[in-house]
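Here's the structure we're looking at; comments come further down.
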Amino acid sequence: LETVRDLGWKMPGVVVVPSGNLGNVYALYLGFDLVRRLGVVRGPLPRLVAAQASAADPLHRARVKGWPARPEPVTAGDTIATAIRIGSPVSFKRAVFAIGESKGTTTTSSERRIVEGMRVLDRQGLLACPQTGAAVDGVRQLFEAGFVKKGERVVVVSTASGLKFSEAKAAVETNRPISVAARVEAVVDALDVPARPSSRGSAA
């Protein structure tokens, strides 16, 4: 409801969500289907995309294999995206249903790509968690594959603040904290932003 409200009561074309236990994919399907059936918005359901880490991507592997009748659990490997590090998701069948009904898909991202996804958001002033980095990389993959068209409205669900993953954030090269003197000028210099004009100058 909040998503369609913020989009001017219109459905997005694609919604990409970091996915581990997969309950969020199904919940999003139920929510968008409900607002449509209630007549709050019109149009097709957004195509739901479950973005997974390559170290733990049983849903993506199942899609590539053509959705086998039984889910095949995987042994989850090490990943910076610890919140979606789940090899045997509880809501597997529900997620398959939601993706099928919405004509969605799945993506899987390597550790390097997850980090790059985080950096994309960080450069925009957002403190992204690793899971959201996987979703941002998923958008890149979908655009390159033609699943997302130019000009199409895409929503990326950010599942957590980067503050919850401070150790992982600090370990990323471009996100390592730096120390500066406790002066405004020192902070401005470190951020490399223009200083504010002085209010004590003469009026133009």
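The values are calculated or read from the model by the stated rules, or taken from the named source; none is laboratory data. Not measured: the values here are computed from a predicted model. Neighbour counts are summed over all protein chains in view; Cβ atoms, including those assigned to glycine, are modelled from backbone coordinates with ideal geometry. The area values use the complete protein model at the heavy-atom level, side chains included, leaving out ligands, DNA and RNA. Shrake-Rupley method; radii C 1.70, N 1.55, O 1.52, S 1.80 Å.
Things to note:
- Restricting attention to the range 184-204, the residues that are surrounded by 11 or more Cβ atoms within 10 Å (Cβ to Cβ) and either modelled with pLDDT of 90 or more or small (Gly, Ala, Ser) (or both) total 2.
- Among residues that are of a type in the set (S, T, N, Q) and more than 19 Å from the chain's Cα centre (by Cα), residue 75 is included.
- Taking residues in the range 69-98 that are under 17 Å from residue 133 (Cβ atoms) and without any contact (Cβ under 8 Å) to a residue 60 or more places away in the chain, and partners anywhere that are open to solvent by less than 20 Å² (accessible area, probe 1.4 Å) and not in a loop (DSSP other than H, G, I, E, B), the pairs with Cβ atoms closer than 6 Å and at least 6 places apart or on different chains are 79/53.
- Residue within the range 111-129 that is of a type in the set (A, V, I, L, M, F, W, C), modelled with pLDDT under 95 and open to solvent by 70 Å² or more (accessible area, probe 1.4 Å) present: yes
- Within the range 60-110, the set of residues being in contact with a Pro (Cβ under 9 Å, 6 or more places away or on another chain), open to solvent by 30 Å² or more (accessible area, probe 1.4 Å) and part of a helix (DSSP H, G or I) comprises 82, 83, 93, 96.
- Qualifying positions in the range 19-59 - assigned to a helix (DSSP H, G or I) and hydrophobic (A, V, I, L, M, F, W, C): 25, 27, 28, 30, 32, 34, 35, 59
- The number of residues in the range 150-170 being in contact (Cβ under 8 Å) with a residue 40 or more places away in the chain, open to solvent by 50 Å² or more (accessible area, probe 1.4 Å) and not polar (S, T, N, Q) comes to 3.
- Going through (1) farther than 18 Å from residue 51 by Cβ; (2) of a type outside the set (D, E, K, R); (3) open to solvent by 80 Å² or more (accessible area, probe 1.4 Å); (4) modelled with pLDDT of 90 or more one by one, residue 181 falls short only on (3).
- Out of 46, 12, 18, sole residue that is of a type outside the set (Gly, Ala, Ser) and within 19 Å of residue 160 (Cα to Cα): 18
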